[in-house]
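Shown next, in structure tokens, is the structure this report addresses.
The values are calculated or read from the model by the stated rules, or taken from the named source; none is laboratory data. It should be emphasised that the depicted structure is a prediction, and the values quoted were computed from it without experimental measurement. In this analysis, Cβ positions are derived from the backbone assuming ideal geometry, glycine residues included, and neighbour counts consider all displayed protein chains.
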Amino acid sequence: MGKSALIALATVAALGATLAGAAGAYADPEAVYAAPPPWPTTPGVRHFGVMADAGAPEGAQVSLVIRPVRAIRIHGGAGYNGISNGLEGGISLVPFRTWFTPTLNADYGSFPDGDATWLARLADPSASSPILRRVGYRFANARVGLELGRKRATFYIHAGISHITGTLHDAAAALDNSTTVMVTTTDPRIEAWTVSARVGLILYFGP
């Protein structure tokens, strides 16, 4: 057999092997399209959960929890402060892998305007003011916490400071109508720093 014939035979064999491999990959799609990688796992850490808490200034909140790594916890959800429905999100640093651990926590949220007259009437049944008819605010919290629990459930207490901002609507209408001086003003912006706290529970799910 001549040299040219050997080269041709080798070329045909290589081509056949290539076609056979392609046919096998076509018959088995997983050989071509690999499954996406799973969520990164950390031993002893459940990455998803739900959280419920109550405090001031955020009212009562229900949130979803994501824990991408053991030491970081992120949450976001909705709540009610007795006046209107609002939104809140935050992040926590959980430094220790123990049943009882301190934490550092930061949150931000807002509540749109709502009627707070009924709250004022709990203290004074005759309370009525234009200012109470539109009460809303934004808040930012910086807190330290103590948390008990690790895997399935975590109970926590957080305390610190909050920065609250809002607008005092209809302030001019709330002035004493007995005055003979006409006052024209825009709604003032209010800002306050205050001590704040909350208590809550996190339930984790997953293997």
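The table below lists the values:
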read-out	value
Output for region 46-69, where each listed residue is among the aliphatic types (A, V, I, L, M) and crowded, with 18+ Cβ neighbours inside 10 Å	Met51, Val65
Residues located in region 109-123, provided they are surrounded by fewer than 15 Cβ atoms within 10 Å (Cβ to Cβ) and of a type in the set (Phe, Trp, Tyr)	Trp118
For Val50: the one exception among (1) in contact (Cβ under 8 Å) with a residue 60 or more places away in the chain; (2) under 17 Å from Gly160 (Cα atoms)	(2)
Residue within region 141-153 that is assigned to a loop (DSSP other than H, G, I, E, B), modelled with pLDDT under 85 and more than 15 Å from Gln61 (Cβ to Cβ) present	yes
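Conditions (1) in contact with a His (Cβ under 8 Å, 6 or more places away or on another chain); (2) at pLDDT 50 or above; (3) assigned to a loop (DSSP other than H, G, I, E, B), marked per residue:
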| position | (1), (2), (3) |
| --- | --- |
| Ser4 | no, yes, no |
| Ala8 | no, no, no |
| Gly16 | no, yes, no |
| Ala20 | no, yes, no |
| Ala25 | no, no, no |
| Pro40 | no, yes, yes |
| Met51 | yes, yes, no |
| Val65 | yes, yes, no |
| His75 | no, yes, no |
